[in-house]
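Readers should treat all values here as calculations from the given coordinates under stated rules, not as data from a laboratory. Note that the structure is a prediction, hence the values are computed from the model and not measured. We place every Cβ from the backbone using ideal geometry, glycine too, and count neighbours over all the protein chains shown.
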Amino acid sequence: MWRICGRESPISIWILHPTPLFRFLASSQVMAGKRIIAICQLGGEFETNSDGSLSYRGGDAHAIDIDDQMKFNEFKMEVAEMFNCSIDTMYIKYFLPGNNKTLITISNDKDLKRMIKFHGDSVTADVYVIMEEIVALDVSNLPASRSSRTTLSETVLPVDAPLDIVDGIVDDTTQPEVTLDAALDIVDDTNHVDTHMIIPAEISPIFSIVSSNEEKHAKGAQQWQNTITGVGQRFNSVHEFRESLRKYAIAHQFAFRYKKNDSHRVTVKCKAEGCPWRIHASRQKGLRESIADIFTGSYHAYCLRYLTEQFIRDLKGQFSHEVKRLMIEDFYAAAYAPTPESFQRSIESIKSISLEAYNWIVQSEPLNWANSYFHGARYNHMTSNFGELFYSWASDAHELPITQMVDVIRGKIMELIYTRRADSIQWLTRLTPSMEEKLKKENHKVPPLQVLLSAGSTFEVRGDTIEMVDIDHWDCSCKGWQLTGLPCCHAIAVLGCMGRSPYDYCSSAADARVMDTTSPLAKSSFRVLDIDCTKGQCASQSCTSNNSFGVDEK
């Protein structure tokens, strides 16, 4: 859902300057898997040879090193930066090794990985960038005049040369500037006159026909005057908004320029010098307000994957692919950091690369994506990828008729439900296998800890750090309990001293009994490893006899 904003939200555009860091020396080791050099070519033409093969002539060429970990959108953005072209109207194609007759299109991550795989024995791969031609205006939609060659507005400035693209902030090159002063040929059957036809002076049917056309187009233009009504108006997609804006500009006879133009937000300014008119539409703003209205009082987190993609788009520095990857690693470390102190350490690493990138992260509302600040419970799930499996099914079956596609997806869903049910019936633990494994890992951290017992529900646990555990509120100052829904090592130590089972303090989302009450779950045993339980300053007593808890440690 798209919404027009009353005013444009402040957006900082930063110029990033890389600083020499010793860790960059090891950046080449970060790359994993196959790497090739993509020779990207743009501006030339394909010619057909006598044997049916195609050859490419002319244009410019640039080289990019890519590997099987690179995302397709990252690749497109780097290509757009190099050639200073629009990412929205770009097609990327290549030839299979040994076959120069058929061009293969790259349209997603899978296609990019296939290209790298197909060129497994090669050091380089030729990639051809083809720009889609966009017709600026549909002349049939323009108001007609008494002349077949007319100018609609003499006061509007002419079209400028295409503007630059800077890392996802796209100017006029994505969509044509809507100018209404260019001379346009409006030719159809109604105003075409055979030069050999003699029309008596007293008969002038051509004028009545042109007049009829004028009325028809004028009525259409009048209807377009209200395609944009004001602040708060919503559109189903960015394409619908752009089309409505184009019609609105034609109806009101003015030209505009795209200042920002991507799939998430569009900002447009009137092209006339000194005109203050501006319009801004944002997908995020509409979603943010709609979600808050529908899910009142709930906490809402940002998807970390999409947030990092926006982070890369907004970076304007000339960073290599490896350096960007290092910054993303630090970004993820900051997101997963359980405490504000560890969060700050992670973003300080980014700050050493670029102060502007550091400021971008600080201003990106960490309250909605960082573990150390987010108030809700999401059990350490940081991305909204629940639909990826469904999308992959639809992508694999996209060539089928719609009825067959639906049947394929239905079969996949049935197979998935059956497989997962069959697997879950075999579980013999109280928690799901992944959660059981996490609880084991936390239990292995218990022996070095010392618990200071108290009469209340709050306990002090000493180890490498000093943490406070509140049993009644299922809370630990390390934040591990709250983030995963499982007792952390500090909580397990306290529960062991109290003779309680950690299973009773696990989130119901991790309980296998909730998944299927008919599963033959065995009675598990959980032996908390040795703990030093101290009451006040008294000598410690060993707490090793608790054999009534879940995971059996051997």
* Given labels modelled 7 Å from the Cα in the Cβ direction, how far is it in nm from Glu399 to Ser457? -> 6.1 nm
* Structure fact -> Dimensionless Rg/Rh of the stretch 31-131, both radii on Cα and Rh by Kirkwood, sits at 0.95
* So what is log10(I(q)/I(0)) for the stretch 304-368 at q = 0.13, 0.20, 0.28 1/Å, when the Debye sum runs over its Cα atoms only? -> -0.30, -0.73, -1.52
* Structure fact -> Within the stretch 380-482, DSSP-loop chymotrypsin sites (Phe, Trp or Tyr not before Pro) with at most 10 other C-beta atoms within 10 Å are Phe386
* Using a Förster distance of 22 angstrom, determine the FRET efficiency expected from the C-beta separation of Ala509 and Asp475, and round it to 0.05. => 0.80
* Two-site FRET efficiency, Glu47 against Ser237, from Cβ-Cβ distance with R₀ of 45 Å, rounded to 0.05 -> 0.75
* Filter on Lys93/Lys259; Lys113/Lys324; Lys110/Lys260; Lys93/Lys260; Lys110/Lys412; Lys34/Lys110 - keep pairs with C-alpha separation over 18 Å -> Lys93/Lys259; Lys113/Lys324; Lys110/Lys260; Lys93/Lys260; Lys110/Lys412
* Using a simple spin-label model with points 7 Å from Cα along the Cα→Cβ vector, what separation in nm is obtained for Leu355 and Asn368? -> 2.7 nm
* When Cys488, Cys497 are ordered from fewest to most other Cβ atoms inside 10 Å of their Cβ, what list results? -> Cys497, Cys488
* **Lys101 versus Ile466: modelled label distance in nm, points set 7 Å from Cα along the beta carbon direction** => 7.9 nm
* **Stretchable slack from Phe390 to Ile291, in nm (0.36 nm times residue separation minus alpha-carbon distance)** => 33.3 nm
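Which value in Å is the Kirkwood Rh of the stretch 82-124 over different Cα pairs?
Evaluated on the stretch 82-124, it is 11.7 Å.
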* Asked: How many percent of the alpha carbon pairs in the stretch 442-496 exceed a separation of 18 Å?
  -> 17 percent
* Asked: Relative to the present Cα-Cα distance, how much length would full extension add between Arg421 and Tyr299 at 0.36 nm per residue of separation?
  -> 40.8 nm
* Asked: Based on the alpha-carbon gyration tensor of the stretch 337-414, what equivalent-ellipsoid semi-axes (square roots of 5 times the eigenvalues) come out, in whole Å, largest first?
  -> 41, 16, 9
